[in-house]
């Protein structure tokens, strides 16, 4: 579970499921510190591109996260003999207090990670289709591409393969690499920078959770908040959905990741949406 190439491991988890709302219209346009900017002007210095996995490399209306989320609830139900509602409440409590349900189980009950990760990611990924536009856009980016996820290597690898993105990434830094300390903990980013020799001043972080961009910004990374398209279904929990004007630690907001990235590489071949 700790091999470093080609990439990923199996996701721990954040209880994000249930239908929510799309992010507000004010967050739908690319912004830099509150002002519209030509994309090249804000990211021309970047040589390392760092992507979150869930709800970032696939859209928020995908059914993948709800499937994982339901497996987490079921795991807690089996583990503690709880009904579904009580398991769900416990799941949210662990997530909000510890960053992932797994971290809460390890901290409070000494639960080992392997069984949890195997169970919660034993899902059908057939709804994921190759995203040619995104694959083309990522391939055209200059420099290194990495995944930084609170999930596991196996989950990330299977998901990236289903999306047709696996070959684009040099490596994945997963929850095991982080010693099971999830984002947004500062220690996780620092460990990532050291492991992969990343200069934060020349790197950009893409994530669907605003809280996960605070430390990267403090360390000098450019930050991009990935949000749903206008009117798009959002399966994350309401408390995860960012609804305010973009604060200073968010440099850009992107509701179409492929289009956003294509704008950074004007010489890249034009592709149709898939």
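The values are calculated or read from the model by the stated rules, or taken from the named source; none is laboratory data. Because the structure is a prediction, the values reported are computed rather than measured. All Cβ positions, even for glycine, are placed from backbone atoms using ideal geometry, and neighbour counts span all protein chains on display.
Quick grid of which residues meet (1) out of contact with any helix residue (DSSP H, G or I) (no Cβ under 7 Å at 6 or more places or on another chain); (2) more than 21 Å from residue 183 (Cβ to Cβ); (3) in the same structural domain as residue 165 (by TED's automatic domain parsing):
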position	(1), (2), (3)
76	no, yes, no
84	no, yes, no
92	yes, no, no
105	no, no, no
113	no, no, no
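In region 181-204, how many residues are in a loop (DSSP other than H, G, I, E, B) and within 16 Å of the chain's Cα centre (by Cα)?
Residues of region 181-204 that are in a loop (DSSP other than H, G, I, E, B), as a first pass: 181-185, 197-199.
Within this subset, residues satisfying the condition of being within 16 Å of the chain's Cα centre (by Cα) are 181-185.
Adding up the residues that qualify gives 5.
Determine if region 204-220 includes at least one residue that is surrounded by fewer than 17 Cβ atoms within 10 Å (Cβ to Cβ) and at pLDDT below 95.
Yes, there is a match, as at least one residue in region 204-220 is surrounded by fewer than 17 Cβ atoms within 10 Å (Cβ to Cβ) and at pLDDT below 95.
Mind checking whether some residue in region 61-70 is closer than 25 Å to residue 210 by Cβ, at pLDDT 95 or above and surrounded by 14 or more Cβ atoms within 10 Å (Cβ to Cβ)?
No, region 61-70 has no match at all.
Can you name the residue in region 148-167 that is in contact with a helix residue (DSSP H, G or I) (Cβ under 6 Å, 6 or more places away or on another chain) and not in a helix (DSSP H, G or I) and is also farthest from residue 196 (Cα to Cα) among such residues? Give the steps one after another, and end with the answer.
Our first condition is that a residue be in contact with a helix residue (DSSP H, G or I) (Cβ under 6 Å, 6 or more places away or on another chain); within region 148-167, this holds for 148-149, 152, 160, 164-166.
Still in the running and not in a helix (DSSP H, G or I): 148-149, 152, 164-165.
On the way: 148: 11, 149: 14, 152: 17, 164: 23, 165: 20 Å.
In this case the residue turns out to be 164.
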